[in-house]
1. Looking at G124, G145, G206 in this structure, which one is within 30 Å of W59 (Cα to Cα) and assigned to a helix (DSSP H, G or I)?
2. Suppose we filter the range 212-225 for residues that are without any contact (Cβ under 8 Å) to a residue 24 or more places away in the chain and touching a helix residue (DSSP H, G or I) at 6+ places or on another chain (Cβ under 7 Å); how many remain?
3. Which of the residues spanning the range 53-88 are open to solvent by less than 70 Å² (accessible area, probe 1.4 Å) and under 16 Å from L233 (Cα atoms)?
4. Among the listed residues S196, S166, identify the single one that is of a type in the set (S, T, N, Q) and either within 21 Å of G241 (Cα to Cα) or touching a Gly at 6+ places or on another chain (Cβ under 9 Å) (or both).
5. Pick out the one residue from A76, A90 that is out of contact with any Lys or Arg (no Cβ under 9 Å at 6 or more places or on another chain) and hydrophobic (A, V, I, L, M, F, W, C).
6. With over 25 Å from A121 (Cβ atoms), open to solvent by less than 60 Å² (accessible area, probe 1.4 Å), out of contact with any Pro (no Cβ under 8 Å at 6 or more places or on another chain) and not polar (S, T, N, Q) as the only criterion, which of V165, V138, V187, V155 stands out?
7. Which condition from (1) of a type in the set (S, T, Y); (2) surrounded by 22 or more Cβ atoms within 10 Å (Cβ to Cβ); (3) within 28 Å of G199 (Cβ to Cβ) is the one that Y113 breaks?
8. Restricted to the range 16-46, and to residues that are of a type in the set (K, R) and over 20 Å from the mean Cα position of the chain (by Cα), which residue is most open to solvent (accessible area, probe 1.4 Å)?
Amino acid sequence: MERWQDEAIVLAARPHGEGHAIVSVLARARGHWRGHVRGGASSRQRGLWQPGNVLAVAWSARLADQLGHLTGEPVAAIAAAAMDQPWSLAILASACAVAEAALPEHEPHPLAYAGLAGLLARIGEGASLAADYVRWEVALLAELGYGLDLSACAVTGRREGLAYVSPRTGRAVTAEGAGAWAERLLVLPRFLRGDSAAGPGEVAAGLRLTGHFLARDVFGLAHRPVPAARLRLAERAEAEGT
């Protein structure tokens, strides 16, 4: 019998059979796992298994490669903290959907977990958390082996004045280095170059930047679509000029 216990973030819960659910979690030490939850879609348990909630979970199966069974006890009711704030809900839904679709199962992802846990702990901040969400996606790309190189210009070697990112290589470029090719490059928002706050339109630019590499290198290589929740978050940022 295979068993483990860990703290975990609920990523998704889908009804399965009468009143049960198949749940995906990101566990602190174990990574991304799925399991069958008896009664997980019932009125009594449905609130516990909401995406974003942090639980103390136990997983068990006869063999390690089986779906297994999950049980959980509440640690932090994150989902409830986002209910009345559209931006909070959009960020929570996108982060959980991206993590579920991007992270391979049964592999530890400590940086992704720490970053996601940090975001969720502040989920009530709403739109002001959006820039940090983009930073989390940058870190997620790096953990998956597709890190952006924002250290110096790929053309001039300069470390100052970085303004764009090559959609082909993921390397930063200055306005001088971009020249006539600027329109073909992805905008590098200022908040990703340092500690400055995000200005108008910069979150949308950041989501376009990370979204390009997620779609091509993460979801595209796995022949998966970009999660609908991620598309909705980007549309919100574009519509509001955030």
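The values are calculated or read from the model by the stated rules, or taken from the named source; none is laboratory data. None of these values were measured; they are calculated from a predicted model. All Cβ positions, even for glycine, are placed from backbone atoms using ideal geometry, and neighbour counts span all protein chains on display. What goes into the accessible areas is simple: the full protein's heavy atoms, side chains included, and nothing from ligands, DNA or RNA. Shrake-Rupley method; radii C 1.70, N 1.55, O 1.52, S 1.80 Å.
1. Details: G145 fails: assigned to a helix (DSSP H, G or I); G206 fails: within 30 Å of W59 (Cα to Cα).
Step by step, each of G124, G145, G206 is checked, and only G124 is within 30 Å of W59 (Cα to Cα) and assigned to a helix (DSSP H, G or I).
2. 1
3. Within the range 53-88, A82, Q85, W87, S88 qualify.
4. Within the list S196, S166, the selection yields S196.
5. Numbers: A90 fails: out of contact with any Lys or Arg (no Cβ under 9 Å at 6 or more places or on another chain).
Step by step, each of A76, A90 is checked, and only A76 is out of contact with any Lys or Arg (no Cβ under 9 Å at 6 or more places or on another chain) and hydrophobic (A, V, I, L, M, F, W, C).
6. Numbers: V138 fails: over 25 Å from A121 (Cβ atoms); V187 fails: open to solvent by less than 60 Å² (accessible area, probe 1.4 Å); V155 fails: open to solvent by less than 60 Å² (accessible area, probe 1.4 Å).
Within the list V165, V138, V187, V155, the selection yields V165.
7. The number of the failed condition is (3).
8. Initially, the range 16-46 is screened for residues of a type in the set (K, R), giving 28, 30, 34, 38, 44, 46.
Narrowing further to those that are over 20 Å from the mean Cα position of the chain (by Cα): 38, 44, 46.
Values: R38: 152, R44: 199, R46: 121 Å².
So, considering only residues that are of a type in the set (K, R) and over 20 Å from the mean Cα position of the chain (by Cα), the one most open to solvent (accessible area, probe 1.4 Å) is R44.
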